[in-house]
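What follows is a short report on a single structure.
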Amino acid sequence: MSRSHIAALLLVILLPAACARGPASPGAQPVAAPSQPADIAALRLADWQPIPQLALERTPITHLAVPAVDVHTHLRRVVDVAAEVVRMNAIHVETMVNLDGFSGERLVRELDRFDRAYPGRFLTYANLDLTLVGAPSWGERLAAQLATDFEAGAKGLKIFKDLGLTVRTPEGRRVALDSPELEPVWRTCARYRRPVLWHVADPAAFFAPLDAKNERWHELRESPSWSFADRARFPTRAQLFEERNRVLERHPDVTFVGAHMGSSSEDLKQLAAWLDRFPNFYVDMSASASELGRQPHAARRFFVRYQDRVLFGTDLKSANTAGYEVYARFLETEDDYFGTEAANGRQGFWMIYGMQLPAPVLQKIYRDNARRLLWPADPDRPAARP
Ligand SMILES: [Zn+2]
């Protein structure tokens, strides 16, 4: 039992995954109620939604064990920021890193309504305006806009996964992650000492053929555009990782945070090798509870060993209490066999198990690592020109 959960355990019958669905992750589709054929032997796989018969104890959770910094949120659709702060207070989220800052004038508006309206509670990151790709000196222009955005108060740079996967020049050339054109962008991050939160590639199953062996068939069936298996159109996952790693190596003076466990939560051995090799590389655990929680023993060992390199993140689009409960249950408790739908939609057709991390490790992952790595000297003042 986590020390914060001294209340009595509740005896609950686990609800089926389909009944416990909360707000979905980006692009996740709601699952239709199962339709049952007259002949049960003809039930379709897509309609099979079994209800676990386990009677299990569930730890009651009222808030996170440590006032947390959530380093991976998308707040572009939040209208009532004050209400958001009330919910953050209730669940013990001290600060949200808002990765949807955009650039230019829109960024300034986002900084005004989040960072400057609630000092210390939001750190808004800029994004690259990739419509510039292909224009004359486009890399220099991206870097110049980024410098302007940092001076306006952006606390870091978020790069979405479309770079490397789908972004192409007007002539049709894929922009590799280690393209020479992007060098001025990395140098600008170094010059302003701003971290890069970088989403590269996606889960392994999204690059594997969509066939009877694909372990995330359910999601890919609902959202076929998430599949990057077509080798004529997309690079391999390994190629994207190699390109990213060359940038990590070339820019040791830039702090890189790999979104979603660096997209390697299925292969923690590979991720450990990257962390060992690149001291400027860190990862956030956002949208990864489903992958990590089906291997709770390996994941726990990993989190303990790399307790200075993993940051708490969720990929949530608001201070969604039910979503944070999933993460608290996974990180803090030893609860068995629960779903992650309320946080990030259904990811894989399996349940997860809590890691019950030690209190000092929770303290680092929830808060201290982010405070150490991502905090500007004065987060609510615009960056001074170095
Ligand atoms: Zn995200």
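A few remarks follow.
- Scanning region 250-276 for residues that are within 14 Å of VAL196 (Cβ to Cβ) and open to solvent by 20 Å² or more (accessible area, probe 1.4 Å) yields ARG250, PRO252, ASP253, THR255.
- Screening region 194-216 for residues that are free of Cβ contacts under 8 Å to residues at least 24 places away in the same chain and open to solvent by 60 Å² or more (accessible area, probe 1.4 Å) and picking the one that is nearest to the ligand (Cβ to nearest atom) gives LEU210.
- Residues of region 195-243 classified as on the phi < 0 side of the Ramachandran plot and assigned to a loop (DSSP other than H, G, I, E, B), total: 26
- Verdict on ASP100 being acidic (Asp, Glu), under 19 Å from ASP315 (Cβ atoms) and open to solvent by 10 Å² or more (accessible area, probe 1.4 Å): no
- Long-range neighbours under 9 Å by Cβ, at least six apart or interchain, first residue closer than 17 Å to ARG309 by Cβ and aromatic (Phe, Trp, Tyr) within region 241-270, second more than 16 Å from the ligand (Cβ to nearest atom) and in a strand (DSSP E or B): PHE256/PHE281
- Of the helices (runs of 4 or more DSSP H) lying entirely inside region 105-193, not one contains at least 2 residues that are within 16 Å of the ligand (Cβ to nearest atom), among the small types (Gly, Ala, Ser) and open to solvent by less than 50 Å² (accessible area, probe 1.4 Å).
- Looking only at region 290-323, and only at residues there that are of a type in the set (A, V, I, L, M) and away from the ligand (no atom under 14 Å from the Cβ), the one that is surrounded by the fewest Cβ atoms within 10 Å (Cβ to Cβ): ALA298
- Hits in region 277-289 (condition: within 16 Å of the ligand (Cβ to nearest atom), open to solvent by 10 Å² or more (accessible area, probe 1.4 Å) and not in a strand (DSSP E or B)): ALA287
- Residue match in region 230-237 (condition: within 20 Å of the chain's Cα centre (by Cα) and either farther than 30 Å from ILE365 by Cα or within 16 Å of the ligand (Cβ to nearest atom) (or both)): no
- Some residue of region 26-41 being within 30 Å of TYR125 (Cβ to Cβ), open to solvent by less than 80 Å² (accessible area, probe 1.4 Å), at pLDDT 50 or above and under 25 Å from the mean Cα position of the chain (by Cα): no
- In region 73-97, residue farthest from the ligand (Cβ to nearest atom) [restricted to those that are part of a loop (DSSP other than H, G, I, E, B) and within 14 Å of ASP315 (Cβ to Cβ)]: ARG77
The values are calculated or read from the model by the stated rules, or taken from the named source; none is laboratory data. All of these numbers come straight from a predicted model, not from anything done at the bench. Virtual Cβ from ideal backbone geometry, glycine too; neighbours counted across all protein chains shown. Side chains are part of the model used for accessible areas, which takes the heavy atoms of the whole protein and leaves out ligands, DNA and RNA. Shrake-Rupley method; radii C 1.70, N 1.55, O 1.52, S 1.80 Å.
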